[in-house]
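Asks: Next up is a structure, given as structure tokens.
The values are calculated or read from the model by the stated rules, or taken from the named source; none is laboratory data. Note that the structure is a prediction, hence the values are computed from the model and not measured. Cβ atoms come from the backbone with ideal geometry, glycine included; neighbour counts cover every protein chain shown. Calculation scope for accessible area: heavy atoms of the full protein, side chains included, ligands and nucleic acids excluded. Shrake-Rupley method; radii C 1.70, N 1.55, O 1.52, S 1.80 Å.
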Amino acid sequence: MASHSNKCLKFNILKECSVSKARTSFMVLPHYTVTTPVFMPVGTQGTLKGLLPEQLEALDCHIILGNTYHLGTRPGPELIRKAGGLHKFMGWNRALLTDSGGFQMVSLLSLAEITEEGVKFESPYGGSHCMLSPENSIHIQNAIGADIIMQLDDVVKTTTTGPRVEEAMERTIRWVDRCIEAHQNPETQNIFPIVQGGLDNELRIKCIKALMERDVNGYAVGGLSGGEAKSSFWRIVNLCTDYLPKDKPRYLMGVGFASDLVVCVALGIDMFDCVFPTRTARFGCGLTESGQINLKKQTYQCDYRPIEEHCDCSTCQRYTRAYLHSIVTVDTVACHLLTVHNISFQMRLMKSIQKSIEEDKFPEFVRNFMRKCFVEKEYPEWIVEALSAVNIHLDCS
């Protein structure tokens, strides 16, 4: 199988699906060897809300994500650097990826001003102003010490049209060179550039070709999962994996719904992240094979089953839906218990995907998964179309 090797990232493809673009691999990073396809839980401020690092290890989580903008604002890069990096600061011994802070251009747009120099933010923590330039983003990420660090990109909402989309794509290409030049730790940290270009095929291809001219160990697909139609979403993902190198990891940013993960693995994606599993836990929702259940609903008041019958997580082994119903959104322990289950669900899903690819049974896995997710076989049209594009056909009768 194909492999890509460099001093701080080795990407070994173990098995490729004989039908679709799915593949499973080992990605050897300085702090841990990650099996892909992988879902990365988001620990924005150097902590996963509701879980301890040792609990994440027990759930066999290989890699988590931290947020450069928030960590750079509080506690700040110098304090993290003095602690020996974020791994030591937060007590996490496995792999770590940090985003660049670029996403805050969208999520904190009312506080941001974007120029060629970078992004000027008004801090949500006290009103002071700071400039996040490509160089500053890399400086913060070097201090954090993550195994994979992201270039600062110019991010626009996926529903944006017109010249601003091309401007953002071109600026993203210019900024990646500034990021690479500013990078102080190429022997221990991997920069991934980010493919931009909105929903425009030509811009995406132009961006990919430009980024492939740079000496990097992996690529991210950005600017999606922001409200665009799913029919547009999957087509851009499929286009990007057609053009990105096959011997390097491909990371789709901000995707975490179970059905989206399954479809995008089929389309050739290796890495995912999203706040969804932890955020929905805080709202009292548990993830199951047939979708999420809202434990605040009265229907669960006398339901003495676990969240999911066959789940082996500590929450499902000891607690019932009825008990969780009585404490969700009231006691903080409920957030903890639901987060344990939801992260366990995501990890188990990815392991099942990996195993099905290894055994060359991925199309069968996909069909079984979709039948459980959509009991009446009323599959969303975009899922049917996306899977058909990679030769996996659902039984819609």
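Asks: At a 1.4 Å probe radius, carbon and sulfur cover how many percent of the accessible area of the chain?
Replies: Accessible surface attributable to carbon and sulfur in the chain totals 50 percent.
Asks: Going by amide H atoms built from the backbone, whose H comes under 5 Å of the H on Cys274, apart from near neighbours?
Replies: HN-HN under 5 Å from Cys274: Met40, Val42.
Asks: Now a separate question. Within 10 Å, at most 13 other Cβ atoms, and a DSSP state outside H, G, I, E, B define an exposed site. Report the longest part of the chain free of exposed chymotrypsin sites (Phe, Trp or Tyr not before Pro).
Replies: No qualifying site falls inside 126-303, the longest such stretch.
Asks: Per residue, how large is the accessible surface of the chain? Use a 1.4 angstrom probe and give square angstrom.
Replies: Dividing the accessible area of the chain by its residue count gives 41 Å².
Asks: Taking H placed 1.01 Å from N in the peptide plane, check which residues at least 5 places from Asp154 or on another chain put their amide H under 5 Å from its amide H.
Replies: Thr172
Asks: Given an 8 Å cut-off on Cα distances and at least 6 residues of separation, report the relative contact order of region 222-309 as a percent.
Replies: Reported relative contact order: 21 percent.
Asks: While we're looking at this one, here's another question. Note down the net charge around His62, summing +1 for each Lys or Arg and -1 for each Asp or Glu among other residues with Cβ under 13 Å from its Cβ.
Replies: Charge balance in the 13 Å sphere: -3.
Asks: Rounded to the nearest 20 debye, what is the charge dipole size of region 358-397 about its Cα centre when +1 sits on each Lys and Arg Cβ and -1 on each Asp and Glu Cβ?
Replies: Rounded to the nearest 20 debye, it is 120 debye.
Asks: Residue by residue, what Karplus-based ³J(HN,Hα) values in Hz, rounded to whole numbers, does region 33-45 have, using 6.51, -1.76 and 1.60 with θ = phi - 60° and x for Gly and Pro?
Replies: Residue by residue, region 33-45 yields 9, 9, 8, 10, x, 10, 9, 10, x, 9, x, 3, 9 Hz.
Asks: Let me ask something else. When only Cα pairs under 8 Å and 6 or more residues apart are kept, what is the percent relative contact order across the chain?
Replies: Reported relative contact order: 17 percent.
Asks: Just list whichever of Lys49/Lys372; Lys120/Lys248; Lys206/Lys355; Lys206/Lys248; Lys7/Lys209; Lys49/Lys297 have alpha carbons separated by over 27 Å in the model shown.
Replies: Listed pairs above 27 Å: Lys49/Lys372; Lys120/Lys248; Lys206/Lys355.
Asks: So what are the ³J(HN,Hα) numbers for region 165-182, from phi and the Karplus equation (6.51, -1.76, 1.60; θ = phi - 60°), rounded to whole Hz, Gly and Pro as x?
Replies: 5, 5, 4, 5, 5, 5, 5, 4, 5, 5, 5, 5, 5, 5, 5, 4, 5, 7
Asks: I would also like to ask the following. Considering only DSSP beta bridges with both partners in the chain, what is the antiparallel share in %, to the nearest 5?
Replies: In the chain, DSSP labels about 55 percent of beta bridges as antiparallel.
Asks: Another question, if that's okay. Of the GluC sites (Glu not before Pro) in region 327-397, which ones lie in a loop per DSSP and count no more than 12 other C-beta atoms within 10 Å?
Replies: Glu359, Glu376, Glu378
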